[in-house]
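Beneath this line is the structure, given in structure tokens, with notes to follow.
The values are calculated or read from the model by the stated rules, or taken from the named source; none is laboratory data. Please read these numbers as outputs of a predicted model, since none were measured by experiment. Cβ coordinates were reconstructed from backbone atoms using ideal geometry, including for glycine residues, and neighbour counts include every protein chain displayed. Note: accessible area is taken over every heavy atom of the protein model, side chains too, but ligands, DNA and RNA are not part of it. Shrake-Rupley method; radii C 1.70, N 1.55, O 1.52, S 1.80 Å.
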Amino acid sequence: MKTTFEPTAIQYPYRRQPIGVYYARLYAGGGNKWVSLKTKMFAVAKLELHKHLQTYHAIQDAQTAVAIGKASIGDLSALYLRQVELDNSIKASTKEYRQKTIRYLFNSWPALKERAPNRVTEMECREWAARYQTKFSETLYNNTVDSLRHIFELARERGLIANNPAEAIQKVRVPQKKLELPSTEQFHKLVKTIRASGSATSDGCGDLVEFLTYTGLRATEAANVRWVDVNLLQGRIYVAPGKNSHPRHVPLLDSARKLLKRIQAKPRWFRSEPRRKAGYILSVVECEKALTSASKKVGIHRMTRHDLRHLFATRCIESGVDIPTVSRWLGHKDGGSLCMKTYGHLRDEHGARMAAKVSF
């Protein structure tokens with residue numbers, strides 16, 4: 001069916017047919033650009049349109065200011081965020097985090113937004129950093145410094161400054177996060193609690209928690225696994241490429257094999273019928289609330305979906321699987337350096353325990 005755009009009562013929003021989602025028609029680069037407002041409700045579309053227009057005009061003003069050599073740090077920050085938004089290699093959550101760092105930057109240094117880049121000194125950057133570092137986490141501090149450097153780099157690339165004053169700021173070391181993972185007994189109690197919750201999706205949530213733990217997949221990867229991706233004969237699962245992952249195979253561990261047999265023996269209820277017909281294994285793709293509630297009932301540290309990935313890696317390493325292999329199973333592209341940094345102490349602790357058993 002041909003897509004058409006039906007004009008509405010106000011200037012910009014247009015409703016796209018036949019699905020009924022509202023779009024905004026903006027003028028950019030010498031032509032029209034259609035931007036989805038991601039809603040079918042006219043009242044919501046007007047609010048979203050207002051936000052888009054504010055951003056659109058801010059970018060237009062920033063580009064004009066840069067072109068005539070009168071850009072402020074605020075103008076350059078708008079261009080930087082626009083670059084981030086258009087970069088398809090960056091995850092949506094990362095884009096939101098970058099926006100957060102810019103907000104925190106200007107909240108902590110209000111006068112900076114209207115300053116010209118050539119009027120900001122290295123000393124001022126260091127003084128801001130010293131104040132900022134005492135109030136926020138190491139990770140947020142480092143990422144805000146990165147954003148500030150990117151802003152000044154835009155100014156340097158456009159000939160507004162000769163050197164980047166933010167390069168004088170020193171980053172700080174981020175302490176290694178302590179993994180608080182459940183014991184085997186606690187994990188099984190956690191799963192049992194989720195399955196006994198009594199909701200229509202309780203079994204589906206339990207399946208998702210176990211599947212993530214037994215495969216080490218990211219939640220988005222697990223959600224896309226179909227029955228045709230499981231090779232029982234070769235004992236492995238094919239993981240399709242995603243936005244932030246590459247295609248690979250992960251081993252079908254005995255625990256995962258047993259889980260799949262249970263799911264086959266007792267078909268789950270799917271909230272999405274097209275998903276069931278498409279042959280996806282998991283009937284549920286979200287379990288954060290179930291994990292939080294069950295963790296509290298069991299009396300353990302609050303578990304997240306990513307913690308289940310940590311649990312998979314930890315159990316593999318404790319069972320003697322080498323770190324480069326675990327890294328490949330997790331889908332890392334760095335040859336194991338991240339795994340070594342995160343789980344290297346487990347290998348050392350395991351080796352020490354094994355050495356203690358050796359006697360002559």
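Count of region 227-237 residues, restricted to those that are surrounded by fewer than 15 Cβ atoms within 10 Å (Cβ to Cβ) and either under 13 Å from Leu260 (Cα atoms) or touching a helix residue (DSSP H, G or I) at 6+ places or on another chain (Cβ under 7 Å) (or both), is 5. Kindly evaluate Asn224 against the criterion of being modelled with pLDDT under 95, closer than 16 Å to Arg328 by Cα and open to solvent by 50 Å² or more (accessible area, probe 1.4 Å). Criteria not met by Asn224. Scan region 192-215 and report the pairs whose first residue is open to solvent by less than 40 Å² (accessible area, probe 1.4 Å) and part of a loop (DSSP other than H, G, I, E, B) and whose second residue is at pLDDT below 95 and among the β-branched types (Val, Ile, Thr), with Cβ atoms within less than 9 Å and a gap of 6+ or a chain change. Hits for this filter: Thr201/Val284. Would you confirm whether any residue within region 284-296 is open to solvent by 80 Å² or more (accessible area, probe 1.4 Å) and not basic (Lys, Arg)? Yes, some residue in region 284-296 is open to solvent by 80 Å² or more (accessible area, probe 1.4 Å) and not basic (Lys, Arg).
Residue-wise test of (1) touching an Asp or Glu at 6+ places or on another chain (Cβ under 9 Å); (2) in a strand (DSSP E or B); (3) hydroxyl-bearing (Ser, Thr, Tyr).
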position	(1), (2), (3)
Asn163	yes, no, no
Glu221	no, no, no
Ile237	yes, yes, no
Ile263	yes, no, no
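The set of residues in region 72-97 that are at pLDDT 85 or above and buried (at least 16 other Cβ atoms within 10 Å of the Cβ) comprises Ser72, Ile73, Gly74, Asp75, Leu76, Ser77, Ala78, Leu79, Tyr80, Leu81, Val84, Tyr97. Within region 126-161, if we keep just the residues that are in a loop (DSSP other than H, G, I, E, B) and open to solvent by less than 80 Å² (accessible area, probe 1.4 Å), the residue that is modelled with the highest pLDDT turns out to be Phe136. Which of the residues spanning region 112-125 are open to solvent by less than 60 Å² (accessible area, probe 1.4 Å) and not in a loop (DSSP other than H, G, I, E, B)? Result: Leu112, Pro117, Glu124, Cys125. Does region 326-334 include one or more residues that are farther than 16 Å from Ser199 by Cα and β-branched (Val, Ile, Thr)? Within region 326-334 (the criterion being farther than 16 Å from Ser199 by Cα and β-branched (Val, Ile, Thr)), the answer is yes, since at least one residue qualifies. Please indicate, with yes or no, whether at least one residue in region 160-180 is without any contact (Cβ under 8 Å) to a residue 12 or more places away in the chain and of a type in the set (Asp, Glu). No, there is no match, as no residue in region 160-180 is without any contact (Cβ under 8 Å) to a residue 12 or more places away in the chain and of a type in the set (Asp, Glu).
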